[in-house]
Amino acid sequence: MKRLTLIAAAVLIHLVPAAAWASVGTFGVIFSEKAWHPHFVRHELIHQRQNEKLGVIKAWLFKPSWLIEGMAYSRSQDPRHPLPEPPESWRAKYQAWESSIPASITLWSAAERVQ
């Protein structure tokens with residue numbers, strides 16, 4: 001199954017010109033040659049970590065976009081300011097949320113609680 005998923009992601013990258021990268025659940029991330037920019041790599045690796053910590057299904061189906069994408073745009077240090085909408089709003093909402101997390105609670109524990 002892991003191998004088929006990786007093959008499907010690789011095919012997607014080659015068939016869809018806009019797909020420069022693909023996160024493959026908890027298996028990894030595949031990048032095309034045009035996606036090798038530090039913030040793109042960090043962004044997708046953050047999604048990889050989200051999948052590991054929150055679960056693939058939970059992260060993509062039950063967590064809000066501002067948390068999933070906002071975290072990736074914010075923590076990847078994406079240099080684009082402002083981002084197009086809605087990613088810019090997601091990043092801003094995530095940053096406000098993250099700054100409100102008490103020091104006694106980990107980021108992932110707080111993320112688990114977000115509905």
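Rule-based calculations on the coordinates, nothing more; no lab input. Not measured: the values here are computed from a predicted model. Every residue, glycine among them, receives a Cβ derived from its backbone with ideal geometry; neighbour counts consider all protein chains shown.
The Cα center of segment 21-44 and the Cα center of segment 60-78 differ in position by 15 Å. Cβ under 11 Å from Arg49's Cβ, Arg49 left aside: what net charge do those residues give with Lys, Arg +1 and Asp, Glu -1? With Lys, Arg at +1 and Asp, Glu at -1, the neighbours total +1. Each Lys or Arg adds one and each Asp or Glu takes one away; over the other residues whose Cβ falls under 10 Å from the Cβ of Ala72, this sums to +1.
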